[in-house]
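Everything on this sheet refers to the single structure shown next.
The values are calculated or read from the model by the stated rules, or taken from the named source; none is laboratory data. No experiment lies behind these values; they were computed from the predicted model shown. Every residue, glycine among them, receives a Cβ derived from its backbone with ideal geometry; neighbour counts consider all protein chains shown.
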Amino acid sequence: MTPLTQAQAEDIPAIAGLLVRTWQRCYRGILPDPLLDALSVDHQAHRHRQYLAKGIPYFLARHQAGPLLGFASFGPAREPAMGSASELYTLYVDMDHQRKGIGLALLQAVERAAQAQSPALAVSVLKKNPYRAFYEKNAFQTVAELPLDLGAWQETSLILRKEFSP
């Protein structure tokens, strides 16, 4: 893996594709199949193109000039329960490349950048998300439990927060 890079507009299709593939593989059996099957690469590309245009930083991980292996983004907290923290919006690693340190490298890059803006980093995860342990292992603690409306489906999300050392 080469050093992490910042996303550019031409990276958006790869970001959207990786997000949809990851959700469909990681959350199968956790979230309803109709919800996962309805995920759209085009819709995700539109969303992330808007975020990038607003200046939301994205960190990318890939081998040389190869396919995207993972990405992460962060910005101002959108949930009041996060307090003064920055929010980790996304952190996804291709299923075939998980458990190789890519997620940790992306998280650390976000933490370094977020420290300049806030005293903590927060993330919202599904309560039944099996990847929640990754955050807990990296010093995130649960600070709130909230209902999550997914249209026809209701879930519970947790707000996890990591305080930065002074």
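Is it true that some residue in the stretch 91-98 is buried (at least 16 other Cβ atoms within 10 Å of the Cβ) and closer than 17 Å to Ser124 by Cβ? Among the residues of the stretch 91-98, at least one is buried (at least 16 other Cβ atoms within 10 Å of the Cβ) and closer than 17 Å to Ser124 by Cβ, which makes the answer yes.
The set of residues in the stretch 10-37 being modelled with pLDDT of 95 or more, small (Gly, Ala, Ser) and out of contact with any strand residue (DSSP E or B) (no Cβ under 9 Å at 6 or more places or on another chain) consists of Ala16 alone. For the stretch 41-57, filtered to residues that are closer than 23 Å to Ala113 by Cα and outside any loop (DSSP other than H, G, I, E, B), the residue that is farthest from the chain's Cα centre (by Cα) is Ala53.
For (1) over 12 Å from Glu87 (Cα atoms); (2) part of a loop (DSSP other than H, G, I, E, B); (3) within 13 Å of the chain's Cα centre (by Cα), each residue gets a yes or a no:
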site: Leu107; (1), (2), (3): no, no, yes
site: Val110; (1), (2), (3): no, no, yes
site: Gln117; (1), (2), (3): no, yes, no
site: Val125; (1), (2), (3): no, no, yes
site: Ala133; (1), (2), (3): yes, no, no
site: Glu136; (1), (2), (3): yes, no, no
site: Ala139; (1), (2), (3): yes, yes, no
site: Thr142; (1), (2), (3): yes, no, no
site: Glu145; (1), (2), (3): yes, no, no
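Residue count for the stretch 52-74 satisfying the condition of being among the small types (Gly, Ala, Ser) and crowded, with 19+ Cβ neighbours inside 10 Å: 4. Name the single residue that is nearest to Pro119 (Cα to Cα) among those in the stretch 58-91 being charged (D, E, K, R) and in a strand (DSSP E or B). Here the residue is Glu87. Of all residues in the stretch 8-27, at least one satisfies being touching a residue at least 40 places away in the same chain (Cβ under 8 Å), in a helix (DSSP H, G or I), over 22 Å from Tyr131 (Cβ atoms) and not β-branched (Val, Ile, Thr). Looking at the stretch 112-166, which of the residues that are in contact (Cβ under 8 Å) with a residue 40 or more places away in the chain and basic (Lys, Arg) is surrounded by the most Cβ atoms within 10 Å (Cβ to Cβ)? Only one residue tops the list, namely Arg161. The set of residues in the stretch 15-51 that are crowded, with 18+ Cβ neighbours inside 10 Å and among the small types (Gly, Ala, Ser) comprises Ala16, Ala45.
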